[in-house]
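Notes to accompany the following structure.
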Amino acid sequence: MKHEATARVVIDLPKDEAWTLLKDLSLAHNYVPGITRTEITTEKVEGLGASRRVYQRSGKGMDETVTEWNEGHGFVIRLHKGEKGAPAPFQQANFRYRIEDAGHSRTALTTSLVFDMRWGPVGRFLYERMLHKVFRGVIRDVAISMKQFYESGEAVGDAQLKQLRAGARQEV
């Protein structure tokens, strides 16, 4: 059963400038909470088949490979650990980044995690009872961190993310 967690923000940047940043797969550690380093692992640095490894604070790495590329509009990356498939608790997981012109030199960014849970009924239970809020929060954090990074050019740290979350709650 497919699940999806999505967040949308409007960035104060023209779409072409936002695309220049979005398509740079080496920048994820600047806006994905908990990621400390990003390494491109293929000769291709963008487009279909390009791949990167992102490293968490724990030092663990996860691979991300572009499976869909829509020039100027966004892409989909498959989350995996080498050839083993998606990391737990996912059976499979993809992250979708999509941008569109929001008018007045602004860009709408939509971030989505599309996934299937492992463990059959147990996985469904965990998702419905606990994890759906966690995943929605993580995806929201990525979106608001991307907005901040794109607008300021500075990596978003934990303290700043906490402030951004508070601001996002007040805007809703």
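Do we have GLU64 as charged (D, E, K, R), under 11 Å from the mean Cα position of the chain (by Cα) and modelled with pLDDT of 95 or more here?
Details: charged (D, E, K, R): yes; under 11 Å from the mean Cα position of the chain (by Cα): yes; modelled with pLDDT of 95 or more: yes.
So GLU64 passes the test.
Which pairs have Cβ atoms under 8 Å, sit 6 or more apart or on different chains, and link a residue in segment 78-107 that is modelled with pLDDT under 95 to one that is among the polar types (S, T, N, Q)?
GLY85/GLN91; GLY85/GLN92; ALA86/GLN92
Can you tell me which of ILE144, ILE139 is in contact with a Ser or Thr (Cβ under 6 Å, 6 or more places away or on another chain), hydrophobic (A, V, I, L, M, F, W, C) and surrounded by 13 or more Cβ atoms within 10 Å (Cβ to Cβ)? I'd like the intermediate steps shown before the answer.
On the way: ILE144 fails: in contact with a Ser or Thr (Cβ under 6 Å, 6 or more places away or on another chain).
Matching residue, one of ILE144, ILE139: ILE139.
Somewhere in segment 147-158, is a residue among the charged types (D, E, K, R), at pLDDT 95 or above and surrounded by 12 or more Cβ atoms within 10 Å (Cβ to Cβ)? Before you say what the answer is, go through the steps one by one.
Of the residues in segment 147-158, the ones among the charged types (D, E, K, R) are 147, 151, 154, 158.
The next check asks that each one be at pLDDT 95 or above; those that pass are 147, 151, 154.
Those still in the list that are surrounded by 12 or more Cβ atoms within 10 Å (Cβ to Cβ) too: 147, 151.
Looking for residues that are among the charged types (D, E, K, R), at pLDDT 95 or above and surrounded by 12 or more Cβ atoms within 10 Å (Cβ to Cβ), one finds at least one in segment 147-158, hence yes.
Any residue in segment 145-165 that is touching a residue at least 40 places away in the same chain (Cβ under 8 Å) sitting within a Cβ distance under 6 Å of a residue that is of a type in the set (Val, Ile, Thr)? List the pairs, counting only those 6 or more apart or interchain.
Note: pairs meeting the criteria are SER145/VAL156; LYS147/VAL9; LYS147/ILE11; GLN148/VAL156; PHE149/VAL156; TYR150/ILE11.
Pull up segment 39-55, narrow it to residues that are in a loop (DSSP other than H, G, I, E, B) and of a type in the set (Val, Ile, Thr), then point me to the one that is nearest to PRO87 (Cα to Cα).
Within segment 39-55, the subset in a loop (DSSP other than H, G, I, E, B) is 41-50.
Filter again for of a type in the set (Val, Ile, Thr), leaving 41-42, 45.
Working: THR41: 18, THR42: 20, VAL45: 23 Å.
Ranking the qualifying residues of segment 39-55, first place goes to THR41.
Would you pick out the residues in segment 97-114 that are buried (at least 17 other Cβ atoms within 10 Å of the Cβ), under 23 Å from MET62 (Cα atoms) and out of contact with any Leu (no Cβ under 8 Å at 6 or more places or on another chain)? It would help to see each step written out before you state the result.
Pass one, segment 97-114, residues buried (at least 17 other Cβ atoms within 10 Å of the Cβ): 97-99, 102, 107, 109, 111-113.
Going one step further and asking which of them are under 23 Å from MET62 (Cα atoms), we end up with 97-98, 111-113.
Selection gives THR111, SER112, LEU113.
Within segment 86-172, considering only helices (runs of 4 or more DSSP H) that don't extend past its boundaries, which have at least 2 residues that are among the β-branched types (Val, Ile, Thr) and under 21 Å from THR67 (Cβ atoms)?
Details: elements: 120-126, 132-152, 158-171.
Output list reads 132-152.
Scan (1) among the small types (Gly, Ala, Ser); (2) closer than 22 Å to ARG53 by Cα; (3) surrounded by 11 or more Cβ atoms within 10 Å (Cβ to Cβ) for the single condition GLY82 breaks and write down its number.
(3)
The values are calculated or read from the model by the stated rules, or taken from the named source; none is laboratory data. Just so you know, these numbers come straight off a predicted model, no measurement behind them. Ideal geometry is used to build each Cβ from the backbone, glycine not excepted, and the neighbour counts take in all protein chains shown.
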